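A.B. asks: Okay, here's the structure, questions in a sec.
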Amino acid sequence: MKADLALYGGERAIAPGSMKPWPPVDEADRELVLASLESTEHSFGPNCRAFQEEFAAWNGNRFAITTNSGTAALHMGVAACGCGAGDEVIVPAYSWSSSVTCVLQHNAIPVFVDIDFDTMLVDPARIEAAITPNTKAILVVHLHGLMVDMERIMDIARRHGLRVIEDCCQAHGATFKGRQCGTWGDCAAFSCNQNKLLCSGEGGMFVTDDEALYRDAQALWSFGETRSPVEERDYHAYALGWMYRNNDLTAAFGRGQLRKLDGHLAQIEENANALHEGLLGTPGLILPTVPANCRHNWYNYVVRFDMEALGHAHAPGRYRDRLLEAFRAEGAEVGVWQRFILPAMTVFQARNAYGNGCPWGCPHARPVRYAPEDYPVAARHCDTHACIIMALRPPNGPGLAEATARAIRKVMDNVNHIELDEAVA
Ligand SMILES: *Cc1c(COP(=O)(O)O)cnc(C)c1O
């Protein structure tokens, strides 16, 4: 009944205050952070070195560099892979903006490829058509915590002599054919931002197994110097560098959280399974699918609305937003992740990165096209998706996931009462 919906004054499905905040902080975190605070090394210190070593061991990489953001680690990857003026890097048409602006940061040109609707990831079948003589690398994003088919990516890269950069910012612990993300390509970037599965407030991690890439990334990370802050430095800029180093307090927090990461991943998986089971068969909803050879980390559980079945194919984004109001009225944490596909963003439409048309106007560059209509799958996904993120995170258990599923079902079972343009008191 219409009056049952909280949107129209009915009882909420989930009581306020049911969701506990992420991340859980315990005594081990407090001890590490306070010990760092009481120490005398506050910039790149012993916790930074330990965090790098522990993360490299956890993920199975030879080298790791702790950074002040995931975006910094991505930029280091683009630079270390030798992408520069006029070079093109193949990127997905749908992701977080910095998955792609990191390419501009090093004067190189992003070339977009549409996504596959089922996986929501770059469509490997469309990559080869985007390769030109200027292509230097493929930047794959393991979005939402699901890995791209890395066998196909590495095969394309090998045949065309391209580098591969993995954006693992959302993908801690995700695997493809049993092998961890960040160990397939030439190098990879992780984020330790507040929302990520390994949270240190802000921060990131660059990883690689290639010593030359490690050295080049390290130079960019610390002022273009060739020695790390713990080696004897000559304070000389050998190349263009940035200051992307992490600090000791943040790394101490990251180390505390890293010790809990496997436990967190297991809890999130249990919660996501409970949500998924509760949503099976919900009318009008397209649930995420996981290829048999992947471990999804459920950083983000993303559903799509079947707008044809719901009768709102003419205004999918607006109807999606209307449904979100109904979910939120029930007390369910359901949101939108991205409202724009990447090629439609102003930085690409206005080509306003460095001013005066640079880097696209660089004499080494080849003309590229940024027409949003070239990416219909990404656009359809973007307009019809909704996501569940924090309700799946510990210390919340499967109980909240089950309640979230019930709230979503309640709305979808009564969806015929929800109009697009109506005044609601
Ligand atoms: C968060 C995120 C980034 C950027 O990480 P920051 O630490 O916020 O700089 C890059 N790519 C993806 C897919 C992300 O989710």
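A.B. asks: Might you let me know whether the range 176-186 holds any residue that is within 12 Å of the ligand (Cβ to nearest atom) and open to solvent by less than 10 Å² (accessible area, probe 1.4 Å)? Let's see the steps before the verdict.
C.D. replies: Filtering the range 176-186 down to residues within 12 Å of the ligand (Cβ to nearest atom) leaves 181.
Add one more test, that the residue is open to solvent by less than 10 Å² (accessible area, probe 1.4 Å), and what stays is 181.
Yes, the range 176-186 has at least one match.
A.B. asks: Which of the residues that make up the range 48-75 are away from the ligand (no atom under 12 Å from the Cβ) and in a helix (DSSP H, G or I)?
C.D. replies: Residues satisfying the conditions are 48, 49, 50, 51, 52, 53, 54, 55, 56, 57, 58, 59.
A.B. asks: Now, a different point. Look through 274, 217, 266 and report the one residue that is at pLDDT 95 or above, open to solvent by 30 Å² or more (accessible area, probe 1.4 Å), of a type outside the set (Asp, Glu) and at negative phi. Walk me through how you get there before you give the answer.
C.D. replies: Details: 274 fails: open to solvent by 30 Å² or more (accessible area, probe 1.4 Å); 217 fails: open to solvent by 30 Å² or more (accessible area, probe 1.4 Å).
Of 274, 217, 266, the one residue that is at pLDDT 95 or above, open to solvent by 30 Å² or more (accessible area, probe 1.4 Å), of a type outside the set (Asp, Glu) and at negative phi is 266.
A.B. asks: Can you tell me which residue within the range 108-123, out of those that are in a strand (DSSP E or B) and either over 19 Å from residue 176 (Cα atoms) or among the small types (Gly, Ala, Ser) (or both), is nearest to the ligand (Cβ to nearest atom)?
C.D. replies: Of the range 108-123, the ones in a strand (DSSP E or B) are 109-113, 115, 122.
The next check asks that each one be either over 19 Å from residue 176 (Cα atoms) or among the small types (Gly, Ala, Ser) (or both); those that pass are 109-113.
Values: 109: 19, 110: 13, 111: 18, 112: 15, 113: 16 Å.
Among those residues, the one meeting the criterion is 110.
A.B. asks: Just to verify a result, which residue in the range 294-317, among those that are away from the ligand (no atom under 16 Å from the Cβ) and of a type in the set (A, V, I, L, M), is most open to solvent (accessible area, probe 1.4 Å)? So that I can check it myself, show each step before the final result.
C.D. replies: Going through the range 294-317, the residues away from the ligand (no atom under 16 Å from the Cβ) turn out to be 294-295, 303-317.
Next cut, of a type in the set (A, V, I, L, M) only: 303, 307, 309-310, 313, 315.
Details: 303: 7, 307: 12, 309: 77, 310: 32, 313: 52, 315: 11 Å².
Top of the filtered list is 309.
A.B. asks: Any residue in the range 286-297 that's more than 19 Å from residue 182 (Cβ to Cβ): show its pairings with residues that are open to solvent by 30 Å² or more (accessible area, probe 1.4 Å) at Cβ separation under 8 Å, as long as the two are six or more apart or on different chains.
C.D. replies: Here the result reads 286/306; 287/276; 287/280; 288/276; 289/118; 289/119, each pair linking the range 286-297 to a residue that is open to solvent by 30 Å² or more (accessible area, probe 1.4 Å).
A.B. asks: Collect the residues in the range 88-107 that are open to solvent by 30 Å² or more (accessible area, probe 1.4 Å) and more than 10 Å from the ligand (Cβ to nearest atom), keeping them in residue-number order.
C.D. replies: Quick first cut of the range 88-107, residues open to solvent by 30 Å² or more (accessible area, probe 1.4 Å) only: 96-97, 101, 105-107.
Correct list: 105, 106, 107.
A.B. asks: Contact list please: Cβ distance under 7 Å, first residue in the range 34-60 and under 19 Å from residue 229 (Cα atoms) and acidic (Asp, Glu), second residue modelled with pLDDT of 95 or more and open to solvent by less than 60 Å² (accessible area, probe 1.4 Å), pairs at least six apart or on different chains.
C.D. replies: Qualifying pairs under 7 Å: 41/248; 54/255; 54/258.
A.B. asks: Considering 54, 41, which residue is open to solvent by 80 Å² or more (accessible area, probe 1.4 Å) and modelled with pLDDT of 95 or more?
C.D. replies: Details: 54 fails: open to solvent by 80 Å² or more (accessible area, probe 1.4 Å).
The unique qualifying residue is 41.
To keep it simple, each residue is scored yes or no on (1) out of contact with any Pro (no Cβ under 9 Å at 6 or more places or on another chain); (2) modelled with pLDDT of 95 or more; (3) open to solvent by less than 30 Å² (accessible area, probe 1.4 Å).
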{"site": "319", "(1), (2), (3)": "yes, yes, yes"}
{"site": "323", "(1), (2), (3)": "yes, yes, yes"}
{"site": "330", "(1), (2), (3)": "yes, yes, yes"}
{"site": "334", "(1), (2), (3)": "yes, yes, yes"}
{"site": "338", "(1), (2), (3)": "yes, yes, yes"}
{"site": "342", "(1), (2), (3)": "no, yes, yes"}
{"site": "360", "(1), (2), (3)": "no, yes, yes"}
{"site": "371", "(1), (2), (3)": "no, yes, yes"}
{"site": "380", "(1), (2), (3)": "no, yes, no"}
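A.B. asks: Go through the residues of the range 410-420 one by one and say whether even a single one is crowded, with 16+ Cβ neighbours inside 10 Å and under 16 Å from residue 335 (Cβ atoms).
C.D. replies: So far as the range 410-420 goes, yes, one or more of its residues are crowded, with 16+ Cβ neighbours inside 10 Å and under 16 Å from residue 335 (Cβ atoms).
A.B. asks: Another question about this same structure. Give the range 291-338 a look and list any residue that's touching a helix residue (DSSP H, G or I) at 6+ places or on another chain (Cβ under 7 Å), of a type outside the set (A, V, I, L, M) and assigned to a helix (DSSP H, G or I), or say none.
C.D. replies: Of everything in the range 291-338, those that are touching a helix residue (DSSP H, G or I) at 6+ places or on another chain (Cβ under 7 Å), of a type outside the set (A, V, I, L, M) and assigned to a helix (DSSP H, G or I) turn out to be 316, 317, 319, 320, 325, 327.
A.B. asks: Only one of these conditions is not met by residue 27: (1) more than 30 Å from residue 409 (Cα to Cα); (2) touching a residue at least 12 places away in the same chain (Cβ under 8 Å); (3) not polar (S, T, N, Q). Which number is it?
C.D. replies: Unmet condition: (2).
The values are calculated or read from the model by the stated rules, or taken from the named source; none is laboratory data. All values reported here derive from a predicted model rather than from experimental measurement. Quick reminder, even Gly has a Cβ in these numbers, built from the backbone with ideal geometry, and neighbours come from all protein chains shown. Note: accessible area is taken over every heavy atom of the protein model, side chains too, but ligands, DNA and RNA are not part of it. Shrake-Rupley method; radii C 1.70, N 1.55, O 1.52, S 1.80 Å.
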